[in-house]
Structure formats: structure tokens, C-alpha cells
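Down below is the structure, laid out as C-alpha cells.
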Amino acid sequence: MNEQTQPATVRVFIALAPPDDAKEELARVLRPAYETHPHMRWNRIEDWHITLAFLGELPVETVPLLRRPLADLAAGHRPPCLALRGSGNFDDRVLWSGIDGEVDELRVLASDVRTVVRSCGIAFEDRPLRPHLTLARARRGDPSSAAEIAEGFAGFTGRRWPAERLHLVGSNAGRSRGPIHYRDIKAWALGSGDRTAP
């Protein structure tokens, strides 16, 4: 019998995503590093996102509980105007680009998202918000590549853009040996004023 069984859990987070042209602007700056550091585990550009709340592994049947509360939250929030700016690394391995613009608005949105998640009865590790875009990870035993690449685009400042949608995202992390892939479970327009669409 060759039927694929659906996993009982899904790894979930709530995020914002830069528009394609803002991602492409940064990707152009990174292209030399793609050539010089092919051994880095580069995230796919279409997967670049700014995590507001990481919920971890949730039972599949729990995820629909988030839809209406997040739809209502998104409808009532003005889109923050953001930009990609600068670079850095976490723990010598994780390469990131920073977030500039209406960061206080972003923090309020993240706080409200976390409040909604808790009100749905979903427990998660409430990590401090460090707004960033994860671009790549160095392999273990490679302490210098992430820092070298970060130095190369430390002065980068991208154009400003409104974060127009709130994304509820699922990933296949831990389910395969290949790269991590993300998919929108659902996304809602920020500031739409339409509080009815789950």
C-alpha cells in the first residue's frame, strides 16, 4: 500500500514577508557571496521572512483555531513600513539581514500576534523579538563564512515597503534530509478592515 500518511503535527510560525522586488534588491547584493560561498546552506529567496512568533510543532487539528483570530488581528493593524538594512550573524553560523523602518509598529504587531496565539490556548516559547531575515547557515566547523559574508553587505540599505500581509506558515523541518521549505497555510491583508474572512 503506497498511500502517504499525513503527519500528525506541523511546524508553524507567523511572519511577514518582504515583497519580491525588495528581496531581489538584496539578492543582487548577495550574488557574489553565492559564488564565493557555495557551501553555505542558503535559504531560498521565496522563503525569506520576518518571524513574529515561532510556535514550533503543533497538532495539525490545532492550526485552524488560529485562523479567525489572526484574520481579525490583521484586519485591524496598519501595515508597518519596513526596509532591509545591514547584516550580521548569530552564533558564527546564521547569516541575517536586519530590519529598518517602523520597527516599533513591528514590535506592537508581534506582541499582538503572540497575545492572540496565547488566547487560543496554544503554548509556545516566547522568545525575544529580534527582527531579521535569515539568509543562510554555515555548516558546523565553519566559524568564519557567515561573518565574512555579513561584512560584505553591512552597508546595505534597501528601499522601504509596506508589509501588506500577515502569514501563517508551515514548514517541513525535520521531515526530510533536504532543504527546509515553507508554505503559507493562510495569509491575510493587514489593515483591510474586513474582520470576517478566516
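The values are calculated or read from the model by the stated rules, or taken from the named source; none is laboratory data. Worth saying up front: this structure is predicted, and the values here are computed from it rather than measured. Heads up, the Cβs are rebuilt from the backbone with ideal geometry, glycines too, and the neighbour counts pull from every protein chain shown. Heads up: the accessible areas ignore ligands, DNA and RNA and are worked out on the full protein's heavy atoms, side chains in. Shrake-Rupley method; radii C 1.70, N 1.55, O 1.52, S 1.80 Å.
Residue count for the stretch 25-46, restricted to those that are more than 18 Å from Gly98 (Cβ to Cβ) and among the acidic types (Asp, Glu): 2.
If the condition is being open to solvent by 30 Å² or more (accessible area, probe 1.4 Å), outside any loop (DSSP other than H, G, I, E, B) and touching a residue at least 24 places away in the same chain (Cβ under 8 Å), then the stretch 3-20 contributes Thr9, Arg11. Would it be correct to say that Arg31 is loosely packed, with under 14 Cβ neighbours inside 10 Å, within 30 Å of Gly155 (Cα to Cα) and at pLDDT 95 or above? For Arg31, the condition - loosely packed, with under 14 Cβ neighbours inside 10 Å, within 30 Å of Gly155 (Cα to Cα) and at pLDDT 95 or above - is met.
Restricting Arg160, Arg140 to those that are of a type outside the set (S, T, N, Q) and either modelled with pLDDT of 95 or more or touching a His at 6+ places or on another chain (Cβ under 8 Å) (or both) reduces the list to Arg160.
Inside the stretch 59-103, can you point out the residues that are more than 30 Å from Ala150 (Cβ to Cβ) and among the basic types (Lys, Arg)? Correct list: Arg67, Arg68, Arg78.
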